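Derivation of every value follows stated rules applied to the coordinates shown; laboratory data play no part. Computed from a predicted model, the values in this text were never measured in an experiment. Positions of Cβ are backbone-derived with ideal geometry, glycine not excepted, and every protein chain shown enters the neighbour counts.
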Amino acid sequence: MTETRVHFYQVGSFAVGNRLLSDADRTVQASQERTNSLDAGHRACQGCGEALGARYALDAAMRATEGRLVAVNATGCLEVFSTPFPETSWRIAWLHSLFGNAPAVATGVAAAMRAKGRDDVRVVGQAGDGGTVDIGFGALSGMFERNDDVLFICYDNEGYMNTGVQRSAATPPTARTATSEARGPDPGNVFGQGKDLPRIAMAHDIPYVATATVADLHDLERKVERAMTFHGARYLHVLVPCPLGWGAASADTVRLARLAAESGFFPVFEAEHGVVTGVRRIRRRVGVEEYLRPQRRFAHLFAGEGRPDLVARLQALADANVERYGLAPEEE
Amino acid sequence: MLQQLEGSRAVAETVARCRPEVVCAYPISPQTHIIEAIGAMVKDGRLAPCEFINVESEYAAMSVSIGASAAGARTYTATASQGLLFMIEAVYNAAGLGLPVVMTLANRAIGAPINIWNDHSDAMAVRDAGWIQLFAETNQEAADLHVQAFRLAEALSVPVMVCMDGFILTHAVEAVDLIDQAVVDSFLPPYEPRQVLDPDDPVSIGAMVGPEAFEEVRYLAHLRQLDALELIPSVAEEFAALTGRASGGLVHPYRLEDAETVIVAMGSVLGTIKDAVDARREAGERVGVLGVAAFRPFPVAAVSDALSGARRVIVVEKAFSLGMGGVLATDVATASPASGPDLATVVAGLGGRPITRRDVEGILERSARGTLPRLSFLNLDEDVVARERARMAASRRSGPFAENVLRDVAAGGAHR
């Protein structure tokens, strides 16, 4: 996809209507040729970021592979809401095995395709953050290390939403979950060392690692297409807000994803062979408070006298991201 | 042509002749020689287009197998002991999805205490997983069973586990007649899956099934096991017609004609038991052996028939259910004929403790005298046990009991 400098006429959303773009730059979703890989009728919540991200990612992967795709899914929301049999929302070849083994199952599918001389068939593994950064971590690292020909996509909604919003290793510090309640002197999730999967993936020197959000679906599609130009292990980490788990309005999913990126709290970048090759710079920087306030999981940071000390620590995390990746806005 | 071959090598050569398309494994003793040999053959290009995947855990080994099998590849792996337990979630999953993976289980004890030697605790731990479990008596049978295993698995869409005693078979060199490639090719047609991941015909596999259908789905899996009870003997007969070898089948009766006392067992110990029975037959005793070759599905009718004339049945097994007793024995009790023979369980060979011909003759003697208890542990050193029990009674902080027992045994309390 070629880069086109576009002037924005809408304020706040950064959204660009496809009509402003050349045909070549329009989204896969804008095309009637799209697969609808994850079709209508599934049981995701209103405003589900994961459903949005998965539809765009898989349709882009289907276009990139000309329909030669198999998807392997970990247990989780995406699996449960998409296959209430006898109905299935998947219009692609799709396999669900277990919670923690999707990367290894994907490896097996890819190996079988090679053995059968069907090298044209590509494999996508997908999981939520629990299936990626926690229970599937060993299998994912093994797949990376062997450089198996799999694109693994993590739809990160920062917690175990399918089981009722429990804490995962991707849950941000201070966030309230059902297992990190907003009580006591250190309310919500702990300030740990974090478990930055994109950087861990980069440390494996795999061909391609990228992050994206559902606020910039052009960018998400482009990264899927870019990933499909490589063979070997590839990793895409997509921030997908969860209205239920985050305590946010269904209509705010895209806005929250944008604020996560624009605050620097979620850095959007891509890397090839372990080296950062591109970042999506912040357009108009906001403080983390603007991102945190609309989410009830952070409400305890702002109730009563609030916890400006904790907000400051979260701001420091965002600042560190901005520094690390050079995300600061260009001078106008 | 008979060759002197290590059991692992015989299995590897036979699996290779089954033309697997994906092999993956994680090393664990005593399975290693099998996967090393297959890995070398793949490296040489001998098995092309076979893919060999070195995975990071047994959990991944079975998961890669699931993906490969679901994509239509003939898939093989091997494990043992802790490895089987580590992959157990995926072991159930492969069976639940109806994927015909074939796996060698080099039977080994389960810790703690850690122990690398042979018993059947690992196989018993996945008894209910939905796999066909076949037990090999010799290296020849272990090798032959793998050809039959692929045939059974693919015909029924059920995974098959070939159980062979760790070290006793895997590392023993015996005369083995490796099956000819042409025979395998005529016996084992290319794998035609019932369900497959194919972009040209996309299906969803692995959906959630709720209470409205779960029982039916599970019952269908049970029916496939019952189908296996029919197919296992017919496949073994067909194999025998091609090779002249009586490998596989449901049960292996030995000198059961007019036998009043029958020992039931599985695996390599059957050889020792047959030697003991031969000796007792020389002495005029009416004793026989029933080898259980297929543990899952359990051949209730075949066992019942075989035991119909017996007055005493002794199950010698290399595993037990703590707090209960024999595992195989429970199934044998279920299958026992209405005539109701006396049933005794002898737990033996745990963690690699040898079972000798003399031991088996001793069991038969005690049985004949009527002094064999319903449940006993062969060559159990009761002094050592009593000493540790006394220590535990005397002091709350009596320390780690396995280490205490080892110290006592080293000090001369060993059973022999």
Exercise for the section: For chain B, set up a Gaussian network in which alpha carbons nearer than 10 Å are linked by springs, and say which option among B:ALA293, B:ALA70, B:ALA241 fluctuates the most. Expected result: B:ALA241
Exercise for the section: Figure the gain on full extension for A:PHE230 and A:ASP309 (residue separation times 0.36 nm, minus the Cα-Cα span) and round it to one decimal in nm. Expected result: 24.0 nm
Practice task
Name the residue farthest towards the positive end of the dipole of the protein assembly as shown from the options A:GLY138, B:LEU169, A:LEU38, assuming +1 on Cβ of Lys and Arg, -1 on Cβ of Asp and Glu, about the Cα centre.
Solution key: A:GLY138
Completion exercise
Percent of all alpha-carbon pairs of chain B at distances over 31 Å, whole number, is 40
Fill in the blank from the handout: Kirkwood Rh for the range B:2-243 from C-alpha pairs, in Å, is 17.9
Completion exercise
Label model pair B:ARG255, B:ALA283: point-to-point distance (7 angstrom along the Cα→beta-carbon line) in nm is 1.1
Practice task
Provide the convex hull volume over Cα atoms per residue for the range B:326-408, in Å³.
Solution key: 144
Practice task
Give me the net charge of B:VAL162's neighbourhood, meaning all other residues with Cβ under 10 Å from the Cβ of B:VAL162; Lys, Arg count +1, Asp, Glu -1.
Solution key: -2
Practice task
Compute the length gained on full extension between B:LEU322 and B:ARG397: take 0.36 nm times their separation in residues and subtract their Cα-Cα distance, giving the result in nm to one decimal.
Solution key: 24.6 nm
Practice task
Evaluate the distance, in nm, between pseudo-label points positioned 7 Å from the Cα of B:LYS43 and of A:PHE302 along their respective Cα→Cβ axes.
Solution key: 6.1
Practice task
Restricting things to alpha carbons, find the Rg to Rh ratio for the protein assembly as shown using the Kirkwood radius for Rh.
Solution key: 1.06
Practice task
Quick one: P(r) of the range B:371-416 from all Cα-Cα pairs, 10 Å bins, percents rounded to integers, in order of increasing distance.
Solution key: 26, 46, 24, 4
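Dipole size in debye (nearest 20) for the range B:29-132 around its Cα centre, Lys and Arg Cβ +1, Asp and Glu Cβ -1?
I would put it at about 220 debye.
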Practice task
Using only Cα atoms, locate the centre of the range A:43-64 and the centre of the range B:208-257, then give the distance between them in Å, rounded to an integer.
Solution key: 44
Handout entry: Selected from B:VAL235, A:ALA303, A:PRO84, residue furthest toward positive end of dipole (the protein assembly as shown; charges at beta carbon)
Key = A:ALA303
Practice task
Using a Förster distance of 56 angstrom, determine the FRET efficiency expected from the C-beta separation of B:ASP381 and A:GLU66, and round it to 0.05.
Solution key: 0.20
Exercise for the section: Would you mind getting me the FRET efficiency between A:GLU181 and B:VAL209? Use the beta-carbon distance for r and R0 = 51 Å, nearest 0.05. Expected result: 0.90
Practice task
Report the FRET efficiency, 1/(1 + (r/R0)^6), for A:ASN147 and A:THR277, where r is their Cβ-Cβ distance and R0 is 22 Å, rounded to 0.05.
Solution key: 0.75
Exercise for the section: Would you mind working out the magnitude of the charge dipole of chain A relative to its Cα centre, with +1 at each Lys and Arg C-beta and -1 at each Asp and Glu C-beta, to the nearest 20 Debye? Expected result: 360
Practice task
Would you mind computing, in nm to one decimal, how far apart the modelled labels at A:ARG43 and B:ILE114 are, each placed 7 Å from Cα along Cα→Cβ?
Solution key: 4.4
Exercise for the section: Return, ordered by residue number, the residues of the range B:203-218 whose backbone nitrogen is under 19 Å from a label point located 7 Å along Cα→Cβ of B:THR334. Expected result: B:215-218
